[in-house]
Amino acid sequence: MIFKTQSHLNTRNYLKILFTFVLSIFLLSNLNSCKEKTSSKPNFSGSLTAIGYIAQGQTYTSEIIVPGKILAMEELTVTAPLSGLITEINYREGEQVQKGEKLVQIDDRNYQSQLKSLKSQWLTAENDLNRKKQLVDVEGVSAEAIDLATAKVLQLEAQIEELEVKIDLASIHAPFSGKIGMRDISVGTWLNTGQAITTLVQDEKLKIQFEIPGAFAAKASVGDKIHFIATTNSDSAEAEIYAVNPAIDPSSGSIQIRARIDNSLRKFIAGDFVQVVYKLETSTDALLVPADAIVPQLNGQIVYVVNRGKVLSKVVTTGGRTKSMVQILSGLSSGDTIIISNLMKIKDKAPITINQIKTEAQL
């Protein structure tokens, strides 16, 4: 009985030792497995992955789309050249008038009366001068008397000329053909010198004023054609550039251009805004990059490129654009790999890995 008990105890001890041994092997195996799994994980170096685009020269027609405004080729405010009472108004508001057509008549009766009196005095003075010149031959008059008579004639002629100018100014005529504006005067209104009467706008010929970036200044030329679309009626037409400002505006960095419109059909109206499409030139090696790759900065625009596995920022000058691409005028070279994703995360000189290259067709 005692033997059996002892044998039973030995068996239980043996099982405990065996269980402990197996458990130890199991734990050791799991530990090694964890180490192997840990060591089998990729060893990231901390670089960011991004999508790239390779800049390459391609055929591109440089096109600028900018806002513009239609202006009258000629426009003026008709004002009273002298004071006086209005005796005639010979135009209707908003109608077409021709060059030289009389618009308003200011009372000139006083000037006409003075002119008659002066002409009469001049005739007397002229006859007196002629008589005195005849008497010089017989020494019946002095040279001083002739000088005084001559001065009298010249003085009267000057006064007559002054009155004739005033009489001419009293009759106000259209300096060019165009459409007359509104009026706030009537016959009998007293006008002061310089007082506005109405406006006159030449609407048969109009002009468009617009601005383009200074980078294109050398490419803009007199005689170039532009296409424009009017805001009010969505009508479009072609115009010809007739003037390019010789200087770039230092505040905006742009250059002002004006183009002439043939408006004989009266399709367009001065003061309307337009969208100008200006095709500058066609290049066979233009560099275009995705618009999303352009990052605005305080002092310009930059793009990020890959340089030996690291991010490198480059300041660029942009030109025209298509629906999704922007032309780069300077700052990039053909073959540069442009970063077009994760732009908010990358930093200059940070490591970068390009995991995909996209083409223009995929953008």
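Label-to-label distance, ASP249 versus GLU281, with points set 7 angstrom from Cα along the beta-carbon direction: 2.5 nm.
Placing unit charges on the Cβ atoms only, positive for Lys and Arg and negative for Asp and Glu, gives the chain a dipole magnitude near 4080 debye about its Cα centre.
Compared with the rule-of-thumb size 2.2 N^0.38 Å for a compact globular protein, region 76-199 has a Cα radius of gyration ratio of 1.55. At q = 0.09, 0.13, 0.21, 0.23 Å⁻¹, what log₁₀ I(q)/I(0) does region 142-264 have when each alpha carbon counts as one equal point scatterer in the Debye sum? For the requested q values the scattering log ratios are -0.57, -0.81, -1.17, -1.27.
Fraction of C-alpha pairs exceeding 18 angstrom in region 220-363: 68 percent, rounded to a whole number. By the rule of a C-alpha distance below 20 Å, with chain neighbours fewer than 8 residues away ignored, the lysines paired with LYS69 are LYS179, LYS205, LYS207, LYS225, LYS267, LYS279.
In sequence order, region 199-206 has phi-based couplings of 10, 9, 10, 7, 9, 6, 10, 10 Hz under the Karplus curve 6.51 cos²θ - 1.76 cosθ + 1.60, θ = phi - 60°, and Gly or Pro positions carry x.
Just checking the listed ones, GLN159, GLN56, GLN202: in the Gaussian network model of the chain with Cα springs under 10 Å, the one fluctuating most is GLN159. The stretch between ASP147 and ALA218, if pulled fully straight at 0.36 nm per residue, gains 19.0 nm over its current Cα-Cα span. Pick from GLY178, GLY300, GLY214: which residue has the top mean-square fluctuation in a GNM of the chain where Cα pairs under 10 Å get a spring? Evaluated over the chain, the most mobile residue of the options is GLY300. Looking at region 186-261, none of the trypsin sites (Lys or Arg not before Pro) sits in a DSSP loop with at most 13 other Cβ atoms within 10 Å of its own Cβ. For THR79, the amide hydrogen comes within under 5 Å of the amide hydrogens of ILE197, counting only partners 5 or more places away or on other chains and with H modelled in the peptide plane. For HIS227 and GLU75, the FRET efficiency from 1/(1 + (r/R0)^6), where r spans their Cβ atoms and R0 equals 30 Å, is about 0.75. Rounded to whole numbers, the Karplus 3J(HN,Hα) couplings from phi for region 296-304 are x, 10, 4, 9, x, 9, 10, 10, 9 Hz, using 6.51 cos²θ - 1.76 cosθ + 1.60 with θ = phi - 60°, and x at Gly and Pro. As I understand it, the dipole of region 185-343 uses +1 on the Cβ of Lys and Arg and -1 on the Cβ of Asp and Glu, about the Cα centre. Which of SER264, VAL276, VAL187 lies farthest toward its positive end? Going by the Cα projections, it comes out as VAL276. Ordered by the number of other Cβ atoms lying within 10 Å of each residue's own Cβ, fewest first, ILE340, ILE357, ILE86, ILE54 fall into the sequence ILE357, ILE54, ILE86, ILE340. Note on the chain: with a GNM built from Cα contacts shorter than 10 Å, the maximum mean-square fluctuation among LEU135, LEU118, LEU76 falls on LEU135. In the chain, the calculated helix contribution to ellipticity at 222 nm averages -9500 deg cm²/dmol per residue, counting -39,500 (n - 2.57) for every DSSP H run with n ≥ 4.
With Cα atoms as the point set, the chain shows a radius of gyration and Dmax of 45.8, 194 Å.
Just so you know, all these numbers are worked out from the coordinates, no wet-lab data involved. Source: prediction; values computed, not measured. Because the Cβ atoms are built from the backbone with ideal geometry, glycine has one as well, and the counts that use them run over all protein chains shown.
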